[in-house]
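Worksheet: one structure, shown below.
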Amino acid sequence: MTAPLLAVDRLTIRFGGLVAVDQASFEVREGEVLSLIGPNGAGKTTAFNAITGYLAPSAGDIRFRGARLNGLKPNRVAELGLVRTFQKTSVFGGRSVLENILIGLHLRSEQRPLAIMLGLPSVAREERALETEARRILGFVGLGARALELGASLPYGEQRLLEIAVALAARPQLLLLDEPVSGMNPTETESFMAKLAEIRSLGITVLLVEHDMKMVMGVSDRIVCLNQGRVIANGTPAEIRRDPEVIRAYLGERYARAHG
Amino acid sequence: MKAALTAAWLALLVTLPLWMTNQYALHILIVTGIFIVAAMSLNLLLGYTGQLSLGHVAFFGIGAYASALVSLGFKVQLAPGVALALDPKPVWCGMLAAVVVAGAFGWLIGKLAFRVRGAYFVIVSISFAEVMRLVAVNWVELTQGPMALNNIPPLALWLPGVGEHAFWKKPENYWLTLGVAVVSYVLIRRLVRSRAGRAMVALRENEPLATSVGIDVTRYLVLTTVVSAAMAGAAGALYAHYIRIVDPDVFLFLYTVTMVIMVITGGKGTLAGPIVGGLIFGLLPETLRAAAIRPEVQWIVYGVLMILVLYFLPAGIVPAVRQWWERRRGAAAAAPA
């Protein structure tokens, strides 16, 4: 077996006396979709924040391709190829959709401040290339026709797509999605699942936090279930669905009877 | 069309001293122009990165003092037996020094801005300007304190076909100011329409999202304050060599307020905003005086007009005009169909 892309080892995060994540260990393998599930307050988003540098872990190790991520600032984590989205819809509302993507392309451009101020032709050339790339990404998520509209003026479902597009622009190796379909209607969720399969086919590994079980069971290769900060189960969707502890803590008897 | 309009504007501005013979009016234009450069530099920080610096005049004053001191020369006793002395240098050296020294202070404030944000940064920036003013008042050996630095020489340059030439007259200073303003405008325009400008706006609009796509917020905040401070320093240097006297009052809070008014009324975060706001609120007091309105009433009119602009056009004049223009064009396009 090859080394994991992301290895979380005995991660612990405390807020004062509260232990939000308690010695949680799991791995994300290259090319897979791994879902993190669990009841509200289980520590999913907290773990996300620690992995992406928004929170400092109290103890434990986070390694990406063997390199330690603990203590790195979020922008450094992004440079290494881990890009996240946020639980609450988060776009640059006051800028156009196209400009949102251009901001996302930040790491892919190489203009230096001095070159910019001197107005070197290389800067203009790169700007044109970036715009082409941004339009291509917008086409990929199906927002091509919205390029010049303001981010905040898009309907909710499209804002969520724009978020993903901004994250994709940063060219992630590991894409971390925090409840991407929350608030979407079933049709939107369905089309999002298809989009996720396309993202996966680009060779991007996905770590997903989600409550929509239909989606989680449909797209995940493996599932890790957290409860009160601890990993209580780790396995394929079929295994998780039958796991008595997951049923007790999260899925509930009714779900088990319906799908088991 | 747009290029032609720009060319016409520039031609009008460049030829202005040739047909405007009123020297006093020209003086007002020069001083307003210098403040517009300062306001443009403030706009970069306030409008694009969203950091309210209420101490921006500090960079202006630092530039004025740095340039004046380098061109006048100075000698200070730093410690017993340790003296720092500088012989008078050509004025262009002084102006360069103004840009560098103000930029260096900008770097310092930029580093600080990352640690203290929002209201705290506002307080720190005001204090910074006030400390600078107190230094200027009290370090008499260097700054002459309230006695002011006098007899500051005007800029002298070697010009092709003219030889060594000193900028004594008003039209020359007008062109000099216009030149600095145009260069500043072009630099800001290039910056904000690039990766750097997008990073600034991103950190203003949504900082967590900006960092999540790899934008180094500290780096761009520092870059912005350095460029902004250096530009304000250049404006200060222009001021020192045009007015030819610098006293600690260049650090007055009032000047910061003037710059902020110019930026906010014109439209913060727009390229033309500080220019439009600067022209209106820079020339308004003189226009009112020329209209022979009584002095008390002048300032009431000024204040009321400002409140009206902010109340009815909260985003500023430039965005409002642009919106109106687009709506009109949209209506015109829809009408024939």
What pairs come out if I take residues in region A:88-99 that are under 13 Å from residue B:198 (Cβ atoms) and pair them with residues that are hydroxyl-bearing (Ser, Thr, Tyr) whose C-beta lies under 7 Å away, six or more apart or interchain? none
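One line per residue, one yes/no per condition, for (1) more than 14 Å from every other protein chain (Cβ to nearest Cβ); (2) under 19 Å from the mean Cα position of the chain (by Cα); (3) modelled with pLDDT of 90 or more:
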residue	(1), (2), (3)
A:12	yes, no, yes
A:16	yes, no, no
A:27	yes, yes, yes
A:35	yes, yes, yes
A:49	no, yes, yes
A:59	yes, no, yes
A:62	yes, yes, yes
A:65	yes, yes, yes
Quick one: would you say residue A:133 is farther than 19 Å from residue B:49 by Cα, facing chain B (nearest Cβ under 8 Å) and among the charged types (D, E, K, R)? no
On the given criteria, is residue B:159 in contact with a strand residue (DSSP E or B) (Cβ under 8 Å, 6 or more places away or on another chain) and either farther than 18 Å from residue B:229 by Cβ or of a type in the set (Asp, Glu) (or both)? yes
Could you look through region B:149-164, keep only residues that are surrounded by fewer than 17 Cβ atoms within 10 Å (Cβ to Cβ) and either more than 26 Å from residue B:12 (Cβ to Cβ) or within 14 Å of another protein chain (Cβ to nearest Cβ) (or both), and pick out the one that is modelled with the lowest pLDDT? B:163
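Only one residue in A:244, A:186, A:237 is surrounded by fewer than 22 Cβ atoms within 10 Å (Cβ to Cβ), in contact (Cβ under 8 Å) with a residue 12 or more places away in the chain and farther than 22 Å from residue A:98 by Cα, so which one is that?
Numbers: A:244 fails: in contact (Cβ under 8 Å) with a residue 12 or more places away in the chain; A:186 fails: in contact (Cβ under 8 Å) with a residue 12 or more places away in the chain.
None of the other options fit; the residue is A:237.
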Residue B:77, sole failed condition from (1) over 30 Å from residue B:265 (Cα atoms); (2) assigned to a helix (DSSP H, G or I); (3) not β-branched (Val, Ile, Thr): (2)
Can you tell me which residue within region A:151-162, out of those that are surrounded by 16 or more Cβ atoms within 10 Å (Cβ to Cβ) and free of Cβ contacts under 8 Å to residues at least 40 places away in the same chain, is farthest from residue A:185 (Cα to Cα)? A:161
For region A:218-260, enumerate the residues that are closer than 26 Å to residue A:14 by Cα and of a type in the set (S, T, N, Q). A:227, A:228, A:234
Take region A:152-185 and flag every residue that is closer than 20 Å to residue A:30 by Cα and aliphatic (A, V, I, L, M). A:164, A:167, A:168, A:169, A:170, A:174, A:175, A:176, A:177
Mind checking which residues of region B:200-241 are acidic (Asp, Glu) and buried (at least 23 other Cβ atoms within 10 Å of the Cβ)? none
Which of the residues that make up region B:200-252 are within 14 Å of another protein chain (Cβ to nearest Cβ), touching a strand residue (DSSP E or B) at 6+ places or on another chain (Cβ under 9 Å) and aliphatic (A, V, I, L, M)? B:213
Do we find a residue being under 30 Å from residue B:70 (Cβ atoms) and out of contact with any strand residue (DSSP E or B) (no Cβ under 7 Å at 6 or more places or on another chain) anywhere in region B:264-274? yes
Note on region B:165-199: residues buried (at least 20 other Cβ atoms within 10 Å of the Cβ) and within 14 Å of chain A (Cβ to nearest Cβ) are B:184, B:187, B:188, B:190, B:191, B:192, B:194, B:195, B:196, B:197, B:198, B:199
Being buried (at least 17 other Cβ atoms within 10 Å of the Cβ) and either away from chain B (no Cβ under 14 Å) or under 23 Å from residue A:89 (Cβ atoms) (or both) is true for just one of A:148, A:143. Which residue is that? A:143
Candidate set from region A:84-93 (those that are surrounded by 21 or more Cβ atoms within 10 Å (Cβ to Cβ) and touching a Gly at 6+ places or on another chain (Cβ under 7 Å)); member that is farthest from the other protein chains (Cβ to nearest Cβ): A:91
Of all residues in region A:74-83 being more than 7 Å from chain B (Cβ to nearest Cβ) and within 16 Å of residue B:218 (Cβ to Cβ), the one that is surrounded by the most Cβ atoms within 10 Å (Cβ to Cβ): A:77
Of residues in region A:94-128 being more than 7 Å from chain B (Cβ to nearest Cβ) and assigned to a loop (DSSP other than H, G, I, E, B), the one surrounded by the fewest Cβ atoms within 10 Å (Cβ to Cβ): A:110
So which helices (runs of 4 or more DSSP H) stay within region B:176-288 end to end and still have 1 or more residues that are touching a residue at least 60 places away in the same chain (Cβ under 8 Å)? B:195-205, B:217-243, B:253-266
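The values are calculated or read from the model by the stated rules, or taken from the named source; none is laboratory data. The shown structure was predicted, so the numbers you read here are calculated from the model rather than taken from an experiment. No Cβ is skipped: glycine too gets one built from the backbone with ideal geometry, and neighbour counts run over all protein chains shown.
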